[in-house]
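The values are calculated or read from the model by the stated rules, or taken from the named source; none is laboratory data. Given the structure is predicted, the values throughout are model-derived calculations rather than measurements. Glycine gets a Cβ as well: all are built from the backbone with ideal geometry, and neighbour counts include every protein chain shown. Accessible surface areas use protein heavy atoms only, side chains included; no ligands, DNA or RNA. Shrake-Rupley method; radii C 1.70, N 1.55, O 1.52, S 1.80 Å.
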Amino acid sequence: MSQNKRVLTAILWPSSGSTFTESDARTAALKLRTTISSSSSPAVQDAIGYANYTDVFASMNDTDEQARRVFGSNYPRLQEVKAKWDPEGEIKSSFKGTFLSTDEEGYDISKWAENTVRPAKYVATALCVEDIVQAIKFARANGLPLAIRGGGHKMSDSSSSDGGILIDLRKMDEVRVDQDARVAYVHGGTNVRQLNLETIKYGLATPNGNCSSVGVIGFAIGGGMSLLVGEHGMAVDNIVSATVVLANGDVVQANENENPDLFWGIRGGGSNFGVVAELGLRLSPQRKDVYMCQYMFAREKLPALVNAVNEWRKTQKPYQGIWLMILLGPDGNPYVGFGGFSNSDKEEAEQSFKPILDLGPVLVQHGPMPYEDTSKVTDELARIPSNKVGVGADIDVFDVATIEKVYDAWLEITKSGAPGSAILYEFHSFDKMANVPVEATAFAQRHPHQRVLAVVFWPSSGSTFTESDARTAALKLRTTISSSSSSAVQDAIGFANHTDIFSSMNDTDEQARRLFGSNYPRLQEVKAKWDPE
């Protein structure tokens, strides 16, 4: 025990009517402290002072430096005891973001699909990779389940944690563009619009989602079909690097040269190996303005519209895409929506979409649009507060008879208690995607089938419509949608990003085998290596 003499300096100043501030007081106190010990030995000058007199340092403790000075050689054991008897307090004291329990202000477990929200014991809103590490280690030490929320658009409960820890990445939304290398580095919570806004400053873009608030990383590592798929392939094929926090808390880099097996696995295998804290995404030149059109048609135009779409697809360019949507309009009446995208000038686009316009839509919106605003087209749907169940389907035949059956089945669902429900047909050029060998990444959905998404929306309260009803309706829609397609297409599980409905039906690995196909055995090997527990 030290025999040094103790000195206490206290600065007192009026509570009101004074220009002297707390900052002035802290500066004065620290200067006095330096003067008081100036003739003492270097060891004494460096001492933090008597423990009861160290209040001035409490607000300076961004790291544990001051605590180490106070407790010296006892500090490591003190950490162990703290972690044992107050694990929550220990992580809260060192967490850069917020680590909140259910009764604390700011606790937020909300998601786009309200039916998939589960009551997490803690919400860990990370600001850095070290926060993710701490949350994972805390979960392991306390036997708590763990889930990750990026954009919050998952239509399953896999991004919710019932009684465990929800790691919320939405505050980790930095985007850094390396213009020379043509790579964008995005953090775990970056959304589609944030990425587009940053990359277009340099005249660059990467395949990205079609809704502003969708999380970029979850979208990309699941596959990622975008408006640019015809020109640049899937988002998953534009990943060049990743920072991954493994299930044991280790932080590793993954790219073609470093941990290439993990790099292969996350490209399609998603977050099965840990938390993807950062992705490097390849960028390509992008014009500032693109052309978008949105038309709404009455039901009686559906046969003509289907025929016109099939005719249009015969001359479709890689830089063009279209979609059809069956939905209720703002007036509560059913409509068939048509959307068109052309990464070209206005003249070429208008000529291309003229046959559709000539069918006589009841609503017309079209013209040039800043590229970064393309994600805003579906934002209104993203803001609908409701329960949601979605399912994907593939088609290789798009015919009038089948889509009329789909329309009738959808209309019945809207009348039975799920009025917000919608069906989206997407028609893109998939040659670029299909030319990548299936074994190149874990993502295996490389067939050139067209994709369809059916989403059942129903009210969060005051409705007798249930989640079981929604699942049944969605799966029936799926069967009807692909009923005229080939047997292989009917049996396909659907696009990877649209398979949430199957995540809770996977008591065996049947659905995973269907999703990953011939890549499944290798994916199991990679999983066993990087997440053996």
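Taking a probe of 1.4 angstrom, what is the accessible area of Glu130 in Å², to the nearest 10? Rounded to the nearest 10, the figure is 100 Å². Measuring r between the beta carbons of Glu467 and Lys31 and using R0 = 60 Å, the FRET efficiency lands at 0.35. Give the angle, between 0 and 90 degrees and rounded to the nearest 10, that separates the Cα long axis of helix 467-481 from the longest principal axis of the Cα atoms of the chain. The angle comes out at about 40 degrees. Under 5 Å from the amide H of Val183 lie the amide H atoms of Asp178, Leu283, each residue being 5 or more positions distant or on a separate chain, with H modelled from the backbone and absent for Pro and chain starts. Taking the Cβ of Ser518 as the center, what net charge do the other residues with Cβ under 12 Å away carry, scoring Lys and Arg +1 and Asp and Glu -1? Around Ser518, the surrounding residues sum to +3. The length gained on full extension between Asp399 and Ser73, counted as 0.36 nm times the residue separation minus their Cα-Cα distance, comes to 109.7 nm. Just to be sure I understand, if you calculate Cα extents along the principal axes in Å for this structure, which of (i) 95, 53, 53; (ii) 71, 46, 41; (iii) 144, 83, 41 do you get? It is the value labelled (i). Since only Phe495, Leu328, Ala528 are under comparison, the one whose Cα sits farthest along the positive direction of the charge dipole of the chain, derived from C-beta charges on Lys, Arg, Asp and Glu, is Ala528.
Would segment 341-385 count as rounded, prolate or oblate if I go by the C-alpha gyration tensor, calling it rounded below 1.5 in a/c and otherwise prolate when a/b exceeds b/c, oblate otherwise? Present the calculation step by step, with values, prior to reporting the outcome.
Working: a/c = 3.44, a/b = 1.41, b/c = 2.44.
It is oblate, given that a/c is not under 1.5 and a/b is not larger than b/c.
In terms of its alpha-carbon gyration tensor, segment 137-179 comes out oblate; a/c meets the 1.5 threshold, while b/c is at least as large as a/b. Compared with the dominant Cα axis of the chain, that is its longest principal axis, helix 400-415 is turned about 50°.
Would you mind calculating the relative contact order of the chain from Cα pairs under 8 angstrom and at least 6 residues apart, reporting the percent as a whole number?
Normalised by residue count, the contact order of the chain is 12 percent.
Counting only alpha carbon atoms, the long axis of helix 302-313 and the longest principal axis of the chain meet at about 80°. The slack between Lys354 and Ser15, meaning 0.36 nm per residue of separation minus the straight C-alpha distance, is 114.6 nm.
Please report, in debye to the nearest 20, how large the charge dipole of the chain is about its Cα centre when each Lys and Arg carries +1 at its beta carbon and each Asp and Glu carries -1 there. Show your work: numbers first, answer last.
Details: 52 positive and 65 negative charges, 145 e Å.
Here the chain has a charge dipole of around 700 debye.
Remark: spin-label model distance Ser23-Lys96 equals 2.5 nm, labels positioned 7 Å along the Cα→Cβ axis. Per residue, the accessible area of segment 130-280 comes to 32 Å² when a 1.4 Å probe rolls over the protein heavy atoms. For segment 274-356, the square roots of the Cα gyration tensor eigenvalues, ordered a ≥ b ≥ c, give a/c of at least 1.5 with a/b no greater than b/c, which places it in the oblate category.
For Thr206, neighbours were defined as the other residues whose beta-carbon sits under 13 Å from its Cβ, and their charges (Lys and Arg +1, Asp and Glu -1) total -3. Placing a pseudo-label 7 Å from each Cα along the Cα-to-Cβ vector at Gln524 and Asp103 gives an inter-label distance of 4.7 nm.
How much length would be gained if the chain were fully extended between Asp261 and Ile384, taking 0.36 nm per residue of separation minus their Cα-Cα distance, in nm to one decimal?
Here the answer is 40.3 nm.
Based on DSSP H runs of at least 4 residues, each adding -39500 (n - 2.57), what is the mean residue ellipticity at 222 nm of the chain after dividing by all its residues, to the nearest 500 deg cm²/dmol? Please report the intermediate quantities before stating the final value.
Working: 21 runs with 182 residues, N = 533.
Per the formula, -9500 deg cm²/dmol.
On the basis of the beta-carbon distance and an R0 of 45 Å, Gln45 and Arg287 show a calculated FRET efficiency of 0.10. Ligands, DNA and RNA left out, the 1.4 Å accessible surface of the chain is 50% carbon and sulfur atoms.
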